[in-house]
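K.L.:
Dropping a structure here in structure tokens format, bear with me for questions.
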Amino acid sequence: MSNRRSRITTDIDLSRDGKQTGFLRLPHSVHRSAYGYIAIPIVAIRNGNGPRVLLTAGNHGDEYEGQVVLTKLVRAIETEAVSGQIIILPMLNFPAAQAGMRTSPIDEGNLNRTFPGDPDGRPTAMIAHYVESVLMPEVDVAIDLHSGGSSLIYTPGTLARHHTDKKRLKTVLGMIRAFGAPNSYLMGIGAEDRSILAGAERAGIIAMSAELGGAGMVTRETLGITERGVVNVLRHVGVLAGKAEPRSTRVLEVIRSEHYVYSGDAGLFEPHAELGDNAKKGQLAGLVHFPDTPWREPTPVHFSGNGLVVCKRVPARVERGDCVYHLASDLSV
Ligand SMILES: [Zn+2]
């Protein structure tokens, strides 16, 4: 982690009680605005001492479930119902979220592949650095909401790192059970070390994420799961008044090398499996067709492990190296 200071400032005071709304100011000197800044909305609701929670969405700009629900919660949560502090950023990578894109149109940055970031880097790196080095040391818990975005759709589930530290895993499992999404995905070996969850681990705080739907849309069902889940975790942690209502969730493990399925060719993908199917190693996952040379035999794609189909590519058009499915398998914890 860098010892250099962030250049991002904010017009709200995190140490003050009450509901404060405002912006992070990310200096951005460009042709049309020499002394300009990028304004990233931030809300802090504080009421005395207690657990401190960071809620973020729009880490990937084309994932809307979290952005909608955090926007609703900003307006719904009254200061009196809080014990401690809730910090909310619904459009964390603001340029990406404003453009409805996974990555920032300013610097092509994928925020969730940029941690721990760089205070002197491009805007996406500056945001990552601010979150890991400035915001995370101020909180005990971080919840970052994702979904499949434009290119994928998920069976809604929470997401966490499969920590080797048993005590930490137990705390995280308590939170994902409180969230109560239909599925819970634990990332095992090969989990990204440039993600916000990896940053939280470095910062020594408890963190969870979620994959709540996707396909560049929101539904009543996914928004309902998201809102209920976030409110329940806030209650479970003790920062929000009210009783957490336990729900069941299926805890699954994702192993990148076995569970991810890729297209080996460019063309049009004909899926042979749907979300919720049980796939077996070697089973046909789909066929890549070549309408530009329609007499050519399609290229088969096979599953490389056993598991439940929890994520599926949305666009039919594929390039070689596009992920078309990923699986997850039951975990006994
Ligand atoms: Zn995402």
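The values are calculated or read from the model by the stated rules, or taken from the named source; none is laboratory data. Source: prediction; values computed, not measured. Because the Cβ atoms are built from the backbone with ideal geometry, glycine has one as well, and the counts that use them run over all protein chains shown.
Conditions (1) within 30 Å of Val251 (Cβ to Cβ); (2) in a strand (DSSP E or B); (3) among the hydrophobic types (A, V, I, L, M, F, W, C), marked per residue:
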| position | (1), (2), (3) |
| --- | --- |
| Glu270 | no, yes, no |
| Leu275 | yes, no, yes |
| Gly286 | yes, yes, no |
| Thr293 | no, no, no |
| Val301 | yes, yes, yes |
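K.L.:
Being of a type outside the set (Val, Ile, Thr) and within 16 Å of the ligand (Cβ to nearest atom) is the filter here; which residues of region 40-60 pass it?
P.N.:
Leu55, Ala57, Gly58, Asn59, His60
K.L.:
For region 68-77, which residues satisfy the criterion of being free of Cβ contacts under 8 Å to residues at least 40 places away in the same chain and either within 15 Å of the ligand (Cβ to nearest atom) or within 21 Å of Ala215 (Cβ to Cβ) (or both)?
P.N.:
Thr71
K.L.:
Please determine whether any residue of region 264-282 is at pLDDT below 95, surrounded by fewer than 19 Cβ atoms within 10 Å (Cβ to Cβ) and either among the polar types (S, T, N, Q) or over 28 Å from the mean Cα position of the chain (by Cα) (or both).
P.N.:
Checked against the condition, which is being at pLDDT below 95, surrounded by fewer than 19 Cβ atoms within 10 Å (Cβ to Cβ) and either among the polar types (S, T, N, Q) or over 28 Å from the mean Cα position of the chain (by Cα) (or both), region 264-282 yields no hits at all.
K.L.:
Surrounded by 11 or more Cβ atoms within 10 Å (Cβ to Cβ) and out of contact with any Gly (no Cβ under 6 Å at 6 or more places or on another chain): which single residue out of Arg52, Arg46, Arg32 fits that description?
P.N.:
On inspection, the qualifying residue turns out to be Arg46.
K.L.:
Only one residue in Val254, Val239 is over 15 Å from the mean Cα position of the chain (by Cα), under 19 Å from Thr171 (Cα atoms) and either surrounded by fewer than 14 Cβ atoms within 10 Å (Cβ to Cβ) or hydrophobic (A, V, I, L, M, F, W, C) (or both). Which one?
P.N.:
Matching residue, one of Val254, Val239: Val239.
K.L.:
Kindly provide the set of residues from region 1-37 that are in a strand (DSSP E or B) and of a type in the set (Lys, Arg), ordered by number.
P.N.:
Of everything in region 1-37, those that are in a strand (DSSP E or B) and of a type in the set (Lys, Arg) turn out to be Lys19, Arg25.
K.L.:
Could you look through region 78-92, keep only residues that are out of contact with any Ser or Thr (no Cβ under 6 Å at 6 or more places or on another chain) and closer than 17 Å to Gly22 by Cα, and pick out the one that is nearest to the ligand (Cβ to nearest atom)?
P.N.:
This residue is Met91.
K.L.:
Could you check how many residues of region 95-116 are without any contact (Cβ under 8 Å) to a residue 60 or more places away in the chain and under 28 Å from Lys19 (Cβ atoms)?
P.N.:
Residues meeting the conditions: 4.
K.L.:
Which residue is farthest from Gly199 (Cα to Cα), if the candidates are limited to region 121-146 and must be more than 16 Å from the ligand (Cβ to nearest atom) and charged (D, E, K, R)?
P.N.:
Arg122
K.L.:
Which residue is nearest to the ligand (Cβ to nearest atom), if the candidates are limited to region 147-159 and must be among the hydrophobic types (A, V, I, L, M, F, W, C) and more than 23 Å from Pro105 (Cβ to Cβ)?
P.N.:
Among those residues, the one meeting the criterion is Leu159.
K.L.:
Has region 112-120 got at least one residue that is within 13 Å of the ligand (Cβ to nearest atom), in a helix (DSSP H, G or I) and either crowded, with 19+ Cβ neighbours inside 10 Å or among the aliphatic types (A, V, I, L, M) (or both)?
P.N.:
Within region 112-120 (the criterion being within 13 Å of the ligand (Cβ to nearest atom), in a helix (DSSP H, G or I) and either crowded, with 19+ Cβ neighbours inside 10 Å or among the aliphatic types (A, V, I, L, M) (or both)), the answer is yes, since at least one residue qualifies.
K.L.:
Taking interchain pairs and intrachain pairs at least six residues apart, which have beta carbon atoms under 7 angstrom, with the first residue in region 260-284 and acidic (Asp, Glu) and the second surrounded by fewer than 16 Cβ atoms within 10 Å (Cβ to Cβ)?
P.N.:
Final answer for the pair search is Asp265/Arg320.
K.L.:
Consider Ala125 carefully, then state whether it is surrounded by fewer than 24 Cβ atoms within 10 Å (Cβ to Cβ) and either in contact with a Gly (Cβ under 7 Å, 6 or more places away or on another chain) or free of Cβ contacts under 8 Å to residues at least 40 places away in the same chain (or both).
P.N.:
Judged against the criteria, Ala125 is a match.
K.L.:
Here are Glu192, Glu201: which of them is at pLDDT below 95 and either buried (at least 17 other Cβ atoms within 10 Å of the Cβ) or aliphatic (A, V, I, L, M) (or both)?
P.N.:
It is Glu201.
K.L.:
Give me the residue from region 9-29 that is within 23 Å of Leu73 (Cβ to Cβ) and in contact with a helix residue (DSSP H, G or I) (Cβ under 8 Å, 6 or more places away or on another chain) and, out of that set, surrounded by the most Cβ atoms within 10 Å (Cβ to Cβ).
P.N.:
Ranking the qualifying residues of region 9-29, first place goes to Leu24.
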